[in-house]
Every structure is written in structure tokens, then in C-alpha cells.
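First up is the structure itself, then whatever we jot down about it.
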Amino acid sequence: MIDNYNRQINYLRVSVTDKCNLRCRYCMPEEGVPHREHKDMMTVDETFMAIKAAAELGIKKIRITGGEPLVKRGIINLCREVAEIPGIEEVCMTTNGILLPQMAEDLKAAGVDRLNISLDTLDPEKFHYITRVGQLQDVLDGMKAAEEAGFENTKINCVLMGGFNDDEIEDFVNLTREKPIEVRFIELMPIGGGIGFDKQQFVSCEEVLKRVPELEPMNQEDGVAKLYKIPGAPGRVGLIRPISCEFCEGCNKIRLTADGKIKPCLHSDLEIPLKGLMQEEMTEALRKSILDKPERREELDADNPSRAGRDMNQIGG
């Protein structure tokens, strides 16, 4: 479907839960999420119905997110059913990787095409600090399990934070020398838990190019990521600049929260409810959300935080 600014909207990010088995400092509170009544959250059946409605409007790519999607009961069956919806060409998932040793094979068999694994540091102590509760080895084991299950073109999402992991830029880039993966550096956004971070912790993606001058542009993009490569390396590096480089003009996505709200723009407080609607009504609400998608976001920086009104775990990372 084409929105009012001639953008083809064909990508839906679906948060299946706001719960997570980590407590990343820029994403969610230390105590976790407030308890929500079951009746206030989308059921698996409602989520499936919403995705079917979206497919009728030309949505072709689905990304399953959270919170942590692998803690959602029934997630494997949901992925299998989504992969079989006519018109859906790609089903991806963003995960912290911790449960992949137990679930990677089932996800692959269910029709999940590709994984993004969130990983902000390769240092065990820093990993425990930023996640408050996590162990790095669990994620490394998850990455290995994904590879053994047959997942290819896996992406590693690394949020850049000054004074925390900017000294690991070269280490992350070196992962692309070893395996055909894409390491994606993402600028820290002033949204949810990230609003409280000091201005000095913002690191532009340009810093990656300064630290690793041998990176060469590939003259292509992967969604919002501009791609670079070390000559001869099997992997590649993606730079995602939500702060230093606005990419609203080419935005092709909308989002569905775990409590059934469509967000036409991540950084807007506009939300259109789907929960409780029948499929035909969902289709019309989705059509409206696409047409209501703003031309561009408001100014976004440390002094002008996101108007999203939620933590990222509540929206879908």
C-alpha cells in the first residue's frame, strides 16, 4: 500500500510481548515491566489475524520482536502460521539470543528466514552490567546454535554508547572477518530508558569509519543500514543513523505493539488500536494507520527526546 507521501509500506514489526529475560539499561526498567492483565494484551490468535489483515494491504515482510519474543508462549506456532500467510515473503526475528540453543532448530523449521541478535559488548563483565542480569556466554551459545540450525545472513545489532562499548568497535568489526554476518552499529536513541543517558554517551556512526578506515562502502543499503565491508572479509558492517541522518523519506514500516496498538511512526505518540477488532475492521484500521503515517519525525536528539511515550521493550525493538 502507498501512503500519502508516495512511500510503499510493506514491512510490519510485530511485538509479541513486552516481557524480557534481560533488563538492558537503555531499554527497560530494572524491575521489569508492570503487570498487565491478559485481557489487555494481544492474544496469539489476534496477532495472527492482524498480520493476515496487513498482508491483504501489501505487507510482505514481518519482523517478530519483543521484549524478548522467545519468552512468548506459542511463539513457534505463531511463526509457522505467519510464514504460511499468502503474500508474506519474509519472516525475521530480533532476539537477545539467550534461548536460541533450545529453540533455533524449531524456529528454522517453522519458517523463520533470518535472525537479528542484539549484542552490545563482547566483554562478559560489561555484558552483565548493561543487561543487569545476563551472561555473555549464553548469547554466544545462541549465535552458535543459530548457525548450526542453518540460519544464514545473521545480523548482530550493537547500540553504540560512549564510554561503554566505543572501545570495542574494532572487535565487533573483526567478527565480519571471520563469518558471513552483518554487524550493525546503531546510534543510541533518546527514547524510553535511553532518555536518561548522558549526552556524552551518544556516539555517531561516523566514529566507526574513523576507527576502522579500511571499511569500504558497498554502495548499497539494507533497509535503514548503509553497508560497508573490509576487502576480502566474508561479512559486512551496517551503520544505522537514526540521530545523525534522518531516513524518514524512505521509511517503509509500521509497528504493532504487544497490547494491540499500531504505531505508524516509532517516535510519534500516535497509536491506533487493533485489539478487539474483527479482521475486516483490523484491515481498515491498518489502512488508516498507513495513511496517517507522518511525513517525517520530529527533531530527535538529547535535548529533544522521542515522543513515543514508551520504552522500546513496549514498542518492539
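Structure data summary
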read-out: Flag if V212 is over 17 Å from the mean Cα position of the chain (by Cα), crowded, with 22+ Cβ neighbours inside 10 Å and touching a residue at least 24 places away in the same chain (Cβ under 8 Å); value: no
read-out: Options T65, T47; residue that is in contact with a Ser or Thr (Cβ under 6 Å, 6 or more places away or on another chain) and either farther than 30 Å from L160 by Cα or at pLDDT 90 or above (or both); value: T65
read-out: Residue in segment 11-28 that is modelled with pLDDT of 95 or more, among the charged types (D, E, K, R) and over 16 Å from L274 (Cβ atoms) present; value: no
read-out: Close pairs from segment 80-92: first over 21 Å from A146 (Cβ atoms), partner of a type in the set (S, T, Y), Cβ under 7 Å, at least 6 apart; value: none
read-out: Failed criterion for I9 (all others in (1) among the β-branched types (V, I, T); (2) crowded, with 22+ Cβ neighbours inside 10 Å; (3) touching a Cys at 6+ places or on another chain (Cβ under 8 Å) hold); value: (3)
read-out: Of all residues making up segment 91-145, the number that are among the β-branched types (V, I, T) and surrounded by fewer than 20 Cβ atoms within 10 Å (Cβ to Cβ); value: 1
read-out: Hey, R73 farther than 30 Å from D167 by Cα and either not basic (K, R) or not in a helix (DSSP H, G or I) (or both) or not; value: yes
read-out: Matching residues, segment 217-234, being surrounded by 14 or more Cβ atoms within 10 Å (Cβ to Cβ) and either in contact with a strand residue (DSSP E or B) (Cβ under 6 Å, 6 or more places away or on another chain) or modelled with pLDDT under 95 (or both); value: M218, D222, G223, V224, A225, K226, L227, Y228, K229
read-out: Index of the failed condition, E46 passing every other in (1) surrounded by 23 or more Cβ atoms within 10 Å (Cβ to Cβ); (2) part of a helix (DSSP H, G or I); value: (1)
read-out: Subset of segment 145-195 (residues that are more than 19 Å from L22 (Cβ to Cβ), of a type outside the set (V, I, T), assigned to a strand (DSSP E or B) and at pLDDT 95 or above); value: E182, F185
read-out: Residue in segment 49-70 that is nearest to I290 (Cα to Cα), counting only those that are of a type outside the set (D, E, K, R) and assigned to a helix (DSSP H, G or I); value: A54
read-out: Residue list for segment 225-279, restricted to those being hydrophobic (A, V, I, L, M, F, W, C), assigned to a loop (DSSP other than H, G, I, E, B), within 17 Å of the chain's Cα centre (by Cα) and over 25 Å from M161 (Cβ atoms); value: A258
read-out: First in segment 215-230 and in contact (Cβ under 8 Å) with a residue 24 or more places away in the chain and within 15 Å of I186 (Cβ to Cβ), second anywhere and in a strand (DSSP E or B) and of a type in the set (S, T, N, Q), Cβ under 8 Å, 6 or more apart; value: L227/Q220
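Results for (1) modelled with pLDDT of 95 or more; (2) crowded, with 16+ Cβ neighbours inside 10 Å; (3) within 26 Å of V203 (Cα to Cα), shown as yes or no for each residue.
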site: A258; (1), (2), (3): no, yes, no
site: S268; (1), (2), (3): no, yes, yes
site: E271; (1), (2), (3): no, yes, no
site: G309; (1), (2), (3): no, no, yes
site: M312; (1), (2), (3): no, yes, yes
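The values are calculated or read from the model by the stated rules, or taken from the named source; none is laboratory data. If you're wondering where the values come from, they're calculated on a predicted model, not measured in any experiment. Glycine gets a Cβ as well: all are built from the backbone with ideal geometry, and neighbour counts include every protein chain shown.
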